[in-house]
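Presented below is the structure to which this report refers.
The values are calculated or read from the model by the stated rules, or taken from the named source; none is laboratory data. Remember, predicted model here, so these are calculated numbers, not experimental data. For neighbour counting, all protein chains shown are included, and Cβ atoms are generated from backbone atoms with ideal geometry for every residue, glycine included.
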Amino acid sequence: MTQADLTVPIPSEAPAVSRKWLVLGGRVVLAVLLVLGWELGARTFGAVFFASPLDVVMRIAKLAESGQLFADVASTLRVSALGFAIACVAGVLLPFLLRRSPRLSEAVEPYIMASMGIPKYALAPWLILWFGIGDMPKLVVVTLMVFYIIFITTTAGIRGVDQRLVNMARIAGAGEAVIAREIIWKSLLPFFFTGLKVALPRAVSATIVGEFLVATEGIGHYIEHSRQVSDTVGVFAGIVIAMMLVLSINAVVNVVERRALGWRPVEREMEL
Amino acid sequence: MGEAPLLEIKGLGKRFAARQGREPSPWVIQGLSFSVQPGEFLTIVGPSGAGKSTLLNMIAQIDTVSEGEIVFNGEALASRDARALRPGCGRRIGYVTQDDNLLPWRTTFDNVLFPIEVQGRLDAETRAHAEMLVGAVGLAGFERYYPHELSGGMRKRAALIRTLAYDPPVILMDEPFAAVDAQTRAQLQADLLRLWNLKRKTIIFVTHDITEAIALGDRALVLSRQPARIAAEHTIPIPRPRKVEDIFAVEGFATVYERIRAAIQ
């Protein structure tokens, strides 16, 4: 123990500050390089295959001015958020219910795993057959996409719960509902947030792919429409908007996570 | 034996379920009998691996019994079937385990309040009692710290008063002070005796440390090696209040110590 302690360098106050600036500086340099590379790509391959960054920014500004940006983002967000919410509720509740009955859980597990193997996008044509070309087919695909991720991370979280804490709570007089809420849920929160962050970009992607197929608005619809009229700038603008949407939601999730998991001892430097 | 015993262990035996295709596991405990009077501080000494924790787990009703009976307050506890177990026996048996088992997402004070809270008894009075206990074990000022921000000794104190705060009539303690340094341990033992003096609860305290068994107990049981049975029983003649730090200088200590040590062999 003491030997290991001696070899670990103790960071002092001053380098911590300069380190922060170093990281920030590195990020700025990377951003400049990326934009330069992008611009270089545009000049090399031509505007038909590669839109220049300045054009993309101008296009996004124009879309914002006309209000179409907000309408498209709202449309994509509506489907993603609803599907995400349904999937989260089901993906958390189901493992909690299965926990109560190990035998049922064992019986059901292979079927859940098998259904997970279905490529969700492959369902789209069949779903359109069933539900027509409204929000419903997209919603189903998004929900399925997110559900399995939340289901698996929640199940892993429940399996990882420290049984000694459960016993402690039982002896103290806690009923099953209190144990589920105070012990199981709190223990699996870190798993749940990991699941959320993995699922988030997929939910938005699933919505966008759905919009390629059937939509009258939405980011995916804008991208697909731009492609049809060979508007490369429009395609790029759509991708950038989708990325910014994911990053914004991720930032919100990070804030919620930090508040919910504020008790955790580790200072997490990398945020996903 | 004027008073009826509060807790009676009769011919208790435990062996763990055999895995498929293997010999059934040997008896961890077999033919173990003893009784505990209300308000008694009973210590149980035994070599490591003697089944001390298993014994407490069975009394706390988080593990099943293979044979024999546990009678609590005249009522036989149904403890053969895992699904019939009632952990903590309706909040009447508290259990301070070897690990502190504090909830990492709750602050020290919220951990202490946890049992009172889940029992729906959190009010001004129970809160004040918990605050008193926090002060009594020197945790004042650390109420809002999370467990990982506390030292090992402080965590033990928090776990101890978490059980004392909800006031179960019987408290089981499984080597609660085993994992702390000698000085902290003496302090914790003194704290425990002081708190026990305020409210004479029935305590069953398991340890492998003979000195600890003598310093704390009214009576010490010695467990044999596996399968565990009672190898000896000693009443501790040392009057209370006791001073834990110089217990070994007290008259009578050496004799009891020698006798227990001989019984453990």
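Numbers below:
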| item | result |
| --- | --- |
| Looking only at segment B:115-143, and only at residues there that are within 12 Å of B:ASP167 (Cα to Cα) and away from chain A (no Cβ under 14 Å), the one that is nearest to the chain's Cα centre (by Cα) | B:LEU133 |
| Selection from segment B:22-68 of residues that are in contact (Cβ under 8 Å) with a residue 60 or more places away in the chain and over 21 Å from B:ARG225 (Cα atoms) | B:VAL36, B:GLN37, B:PRO38, B:GLY39, B:GLU40, B:PHE41, B:ALA60 |
| Any hit, segment A:153-173, residues being part of a helix (DSSP H, G or I), more than 24 Å from A:TRP263 (Cα to Cα) and without any contact (Cβ under 8 Å) to a residue 60 or more places away in the chain | yes |
| Conditions (1) in contact with a Pro (Cβ under 6 Å, 6 or more places away or on another chain); (2) among the basic types (Lys, Arg); (3) free of Cβ contacts under 8 Å to residues at least 40 places away in the same chain: number failed by B:ARG92 | (3) |
| Segment B:148-171: number of residues that are under 10 Å from B:LEU133 (Cα atoms), free of Cβ contacts under 8 Å to residues at least 60 places away in the same chain and either of a type in the set (Val, Ile, Thr) or at the interface with another protein chain (Cβ under 9 Å from one of its Cβ atoms) (or both) | 1 |
| Residue within segment A:109-122 that is within 13 Å of chain B (Cβ to nearest Cβ) and over 25 Å from the mean Cα position of the chain (by Cα) present | no |
| Which listed residue is surrounded by fewer than 18 Cβ atoms within 10 Å (Cβ to Cβ) and away from chain B (no Cβ under 14 Å), from A:VAL214, A:VAL204, A:VAL198 | A:VAL198 |
| Residue count, segment B:102-114 (criterion: more than 7 Å from every other protein chain (Cβ to nearest Cβ), of a type outside the set (S, T, N, Q) and in contact (Cβ under 8 Å) with a residue 40 or more places away in the chain) | 4 |
| Flag for A:ASP55 being in contact with a helix residue (DSSP H, G or I) (Cβ under 9 Å, 6 or more places away or on another chain), charged (D, E, K, R) and either modelled with pLDDT of 95 or more or closer than 30 Å to A:TYR148 by Cα (or both) | no |
| Residue match in segment A:247-267 (condition: surrounded by fewer than 14 Cβ atoms within 10 Å (Cβ to Cβ), under 16 Å from the mean Cα position of the chain (by Cα) and under 30 Å from A:ALA47 (Cα atoms)) | yes |
| Any chance B:LEU56 is more than 14 Å from every other protein chain (Cβ to nearest Cβ), within 30 Å of B:TYR257 (Cβ to Cβ), in contact with a Leu (Cβ under 6 Å, 6 or more places away or on another chain) and surrounded by 20 or more Cβ atoms within 10 Å (Cβ to Cβ) | no |
| Condition met for A:VAL252 (farther than 22 Å from A:ILE133 by Cβ and either away from chain B (no Cβ under 14 Å) or outside any helix (DSSP H, G or I) (or both)) | yes |
| Flag for B:PRO176 being within 23 Å of B:ARG91 (Cβ to Cβ), buried (at least 21 other Cβ atoms within 10 Å of the Cβ) and in contact (Cβ under 8 Å) with a residue 40 or more places away in the chain | yes |
| Check on B:ILE62, at pLDDT 95 or above and within 10 Å of chain A (Cβ to nearest Cβ) | no |
| Selection count where residues are more than 9 Å from chain A (Cβ to nearest Cβ) and either in contact with a helix residue (DSSP H, G or I) (Cβ under 9 Å, 6 or more places away or on another chain) or not in a loop (DSSP other than H, G, I, E, B) (or both), scope segment B:87-101 | 3 |
| Selected residue [acidic (Asp, Glu) and within 15 Å of the chain's Cα centre (by Cα)] from B:GLU75, B:GLU40, B:GLU67 | B:GLU40 |
| Residue in segment B:175-190 that is touching a Phe, Trp or Tyr at 6+ places or on another chain (Cβ under 8 Å), among the charged types (D, E, K, R) and under 22 Å from A:LEU165 (Cβ atoms) present | no |
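Yes or no, residue by residue, for (1) surrounded by 10 or more Cβ atoms within 10 Å (Cβ to Cβ); (2) assigned to a helix (DSSP H, G or I); (3) not charged (D, E, K, R):
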position	(1), (2), (3)
A:TRP21	no, yes, yes
A:VAL32	yes, yes, yes
A:ARG43	yes, yes, no
A:PHE50	yes, no, yes
A:MET58	yes, yes, yes
A:PHE70	yes, yes, yes
A:VAL73	yes, yes, yes
